[in-house]
Amino acid sequence: MTTNKTFTMLKPDSVEKGNIGGILEKITASGFRIVAMKLTQLTKSDAEAFYAVHSERPFFGELVTYMTRGPIVAAILEKDNAVEDFRTLIGATNPAEAAEGTIRNMFADSISENAVHGSDSDENAAIEGAFHFSGREMF
Ligand code: IDP
Ligand code: MG
């Protein structure tokens, strides 16, 4: 089943560097509607659960430390073909390989501190959105 929603986080480096406004401008100018949004902080167990698929990877500890070190902006976004189009908008995981004009090309420093998260499937978009938001926080 294809849905029209995806889930994003503006990661701690984006908040620290004052890039919330710049990134949200790119997102809304690209045709995404904000369905839900909040400033929040992941606990260690939140981050371990969110990134459980990467638990055996060598960078897992570094990833959990990074993602929990400060607040993030969590949001649900709506657009036709949201998951795929948002992955295109954010660019490759490694900003050095991210296409010109993508969010990671413009705002990310490294493969570990790469500015934004974007869901990789409709199924994960639904799971990740529900992890952060109740029904009454979605508009
Ligand atoms: P994605 O965010 O583009 O979907 P994933 O492979 O799912 O990339 O990795 C999740 C996150 O883990 C990345 O966004 C990045 O923060 C971190 N990460 C991925 N690969 C590496 C790596 O090789 N070294 C350090 N951190 C990494
Ligand atoms: Mg991923």
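The values are calculated or read from the model by the stated rules, or taken from the named source; none is laboratory data. Just so it is clear, the model here is predicted, and its values are computed rather than measured. FYI the Cβ positions are ideal-geometry reconstructions off the backbone, even for glycines, and counts take in every protein chain you see. Just the protein is used for accessible areas: all its heavy atoms, side chains included, with ligands, DNA and RNA removed. Shrake-Rupley method; radii C 1.70, N 1.55, O 1.52, S 1.80 Å.
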Q) Based on what the data block shows, is Arg57 farther than 24 Å from Arg136 by Cβ, at pLDDT 95 or above and either among the polar types (S, T, N, Q) or within 16 Å of ligand 2 (Cβ to nearest atom) (or both)? A) yes
Q | Selected residue (only one of Leu89, Leu77, Leu39 is away from ligand 2 (no atom under 14 Å from the Cβ), open to solvent by 90 Å² or more (accessible area, probe 1.4 Å), aliphatic (A, V, I, L, M) and under 16 Å from Met9 (Cα atoms)) | A | Leu39
Q. Can you find a residue in segment 12-29 that is open to solvent by 50 Å² or more (accessible area, probe 1.4 Å), in contact (Cβ under 8 Å) with a residue 60 or more places away in the chain and farther than 18 Å from Phe133 by Cβ?
A. yes
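Restricted to segment 94-139, and to residues that are hydroxyl-bearing (Ser, Thr, Tyr) and within 20 Å of Lys26 (Cβ to Cβ), which residue is surrounded by the most Cβ atoms within 10 Å (Cβ to Cβ)? Show your work before the answer.
Within segment 94-139, the first condition is being hydroxyl-bearing (Ser, Thr, Tyr), and the residues that meet it are 102, 110, 112, 119, 121, 134.
Keeping just the survivors that are within 20 Å of Lys26 (Cβ to Cβ) gives 102, 110, 119.
Details: Thr102: 21, Ser110: 11, Ser119: 23.
By that ranking, first place goes to Ser119.
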